[in-house]
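For reference, the structure is listed below as structure tokens.
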Amino acid sequence: MAEQINPWSSTPKMDINRLIADFGIEPFAPVKEKIADQPVFIRRDIVAGHRGYDAVADAIAQKKPFHVLTGFMPSGHPHFGHLMVMKEVVWHIQQGGKGFISMADREAHAVRGLSWEACDRYAREYMECLYALGFSGEIYSQRRNNALKDLAFEAATKVNFSELSAIYGFGPETELAHAVSVSMQVADILYPQLIAGTAPTVVPVGIDQDPHIRLTRDITNALRMFLVEDRGTHISIRVKNAPEGALDAVAKRFGGAKKYEGHIDLPAGHTAEEVDAVVREVEREFGGFGFLLPSATYHSFLQGLQGGKMSSSVPDSLVWFDDPDKDVKKKIMGALTGGRQTLEEQKKLGGEPEKCSIYQLNRFHMQDDDAELAEMCRACRAGELMCGTCKKETLERVRTFLREFKEKRDEVAHMAEW
Ligand code: TRP
């Protein structure tokens with residue numbers, strides 16, 4: 001049986017390609033072809049998997065409306081490990097998406113025990129970073145968002161504890177607030193469609209968040225009043241949970257509908273997609289939501305500077321955006337690389353960039369120029385580029401980035417308010 005993914009574990013050991021196979025996540029490669037102007041994280045296959053991203057890729061290509069939402073738990077300072085998701089959100093907004101960010105203060109309070117005051121302090125830092133990177137749209141705090149809380153309650157009517165325990169390993173000792181924070185995240189993911197209209201929604205996340213995505217997609221289906229299916233010869237519209245009169249209202253929207261008890265059949269000539277769009281409209285007229293299934297992209301994680309995962313429990317494994325320069329220098333110069341034991345061996349055998357945290361930092365964030373990154377890789381493998389030199393060059397790039405990022409953050413700091 002496939003292993004469980006625990007979104008709250010601090011040291012998940014996750015091989016993205018195995019998870020893609022085990023959990024039915026789709027590999028990104030086929031949908032990549034649809035994207036004309038590919039950003040670094042798509043070009044370099046950092047985004048490795050997705051669920052339902054075709055709808056979003058099509059919306060981008062056809063300039064149709066779509067939404068992008070992700071969330072951050074304000075339980076610590078933002079750092080390089082958060083940068084990828086932030087860039088993904090900003091890129092999607094630049095492609096025409098409406099942007100939303102949830103500051104998951106309820107999750108931080110319930111799961112990590114943070115005070116509300118601390119949540120607000122950290123949330124402000126995330127907001128600054130997002131605005132500095134060019135975010136525009138809505139950033140909200142879970143606990144202050146009443147529409148979100150109502151939606152979370154509605155979502156909670158569609159999940160029971162045995163499902164929660166199968167998905168997250170919850171047991172009798174799990175606090176109720178932890179379970180509530182799950183329904184909050186489900187509501188986050190559906191929120192853009194609640195307030196900005198039905199449209200494809202992409203949720204860029206790390207692979208550890210996939211259980212939430214799966215649950216949300218299940219709940220989205222469970223919230224529907226009707227099930228629309230293409231049966232080849234006709235389209236079937238079946239009542240799942242619809243108020244009186246709703247089925248008749250659906251039938252009225254189409255010519256030639258054959259009515260039966262609890263379902264109607266439409267003759268060929270419609271696509272299931274067209275029919276579903278009309279049916280979702282009727283659902284909204286009758287007090288339902290009519291949400292489209294949300295999509296997600298999964299990026300691989302930036303390797304920690306000490307080899308394993310980037311984790312706040314291993315302080316030297318990551319650079320915080322506010323780290324003093326002497327710490328940045330110490331962490332970069334002390335990072336674990338793909339270098340060999342001795343200089344001599346390195347010259348002879350060359351380095352191993354695929355194992356190197358410094359190379360990965362460049363590949364993710366510090367070298368956007370593909371030709372320069374390829375040259376770095378070649379020179380390393382050829383034994384021409386030594387780790388000391390490479391680290392010094394990378395350190396300078398990190399310093400420049402941090403300085404400019406800080407300046408931009410200061411400029412937008414006044415926007416970081418609720
Ligand atoms: N659970 C996420 C984390 O631990 C944060 C989060 C809250 C989130 N709501 C979300 C992520 C909605 C994506 C979409 O980081």
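List of remarks:
- Scanning residues 5 or more positions from residue 50 or on other chains, those with amide H under 5 Å from its amide H are 26, 28, 298, with H placed 1.01 Å from N in the peptide plane.
- Violating pairs (Cα-Cα greater than 24 angstrom) within the set 34/240; 355/406; 329/355; 87/330; 87/406: 34/240; 355/406; 87/330
- Residue-count net charge about residue 155 - beta-carbon cut-off 11 Å; Lys, Arg +1, Asp, Glu -1: -2
- Computed about its Cα centre, the charge dipole of the chain is approximately 400 debye, with only Lys, Arg, Asp and Glu carrying charge at their Cβ.
- Most mobile of 73, 310, 376 in a GNM of the chain (Cα contacts under 10 Å): 376
- Amide H contacts of residue 67 (H built 1.01 Å from N, under 5 Å, at least 5 apart or other chain): 98, 201, 202
- A full extension of the chain between residue 233 and residue 124 corresponds to an added length of 33.7 nm, given 0.36 nm per residue minus the alpha carbon distance.
- Antiparallel DSSP beta bridges within the chain, percent to nearest 5: 55 percent
- Highest-first packing order for the peptide set 201-213, 266-278 is 201-213, 266-278, based on the mean count of other beta carbon atoms within 10 Å.
- Taken per residue, the accessible surface of the chain reaches 46 Å², heavy atoms only and a 1.4 Å probe.
- Karplus-derived 3J(HN,Hα), 6.51/-1.76/1.60, for each residue of the stretch 51-63, Hz, glycine and proline x: 10, x, 6, 3, 4, 6, 4, 5, 4, 4, 5, 9, 6
- Angle between the chain longest axis and helix 210-222 axis [Cα atoms, degrees, rounded to 10]: 10 degrees
- Acute angle (nearest 10 degrees) that the helix 80-94 long axis makes with the longest principal axis of the chain, alpha-carbon atoms: 50 degrees
- Distance from the alpha carbon centroid of the stretch 382-398 to that of the stretch 313-378 works out to 7 angstrom.
- Annotation: peptides 399-406, 93-100, ranked by per-residue average of other Cβ atoms within 10 Å with the highest first, follow the order 93-100, 399-406.
- The packing ranking of peptides 131-142, 287-298, highest mean first, is 287-298, 131-142, where packing means the average number of other beta carbon atoms within 10 angstrom of each residue.
- Helix 116-132 axis versus longest C-alpha principal axis of the chain: approximately 80°, rounded to the nearest ten.
- Here the 3J(HN,Hα) profile of the stretch 103-112, calculated from phi with Karplus coefficients 6.51, -1.76 and 1.60 at θ = phi - 60°, is 8, 7, 5, 5, 5, 4, 5, 6, 9, 10 Hz, Gly and Pro shown as x.
- In the stretch 168-239, taking the dipole from charged Cβ atoms about the Cα centre, the farthest positive-side position among 206, 233, 170 is held by 233.
- Proximal charge balance of residue 218 [Cβ under 10 Å; K/R count +1, D/E count -1]: +2
The values are calculated or read from the model by the stated rules, or taken from the named source; none is laboratory data. All figures in this text were calculated on a predicted structure; none of them were measured in a lab. No Cβ is skipped: glycine too gets one built from the backbone with ideal geometry, and neighbour counts run over all protein chains shown. What goes into the accessible areas is simple: the full protein's heavy atoms, side chains included, and nothing from ligands, DNA or RNA. Shrake-Rupley method; radii C 1.70, N 1.55, O 1.52, S 1.80 Å.
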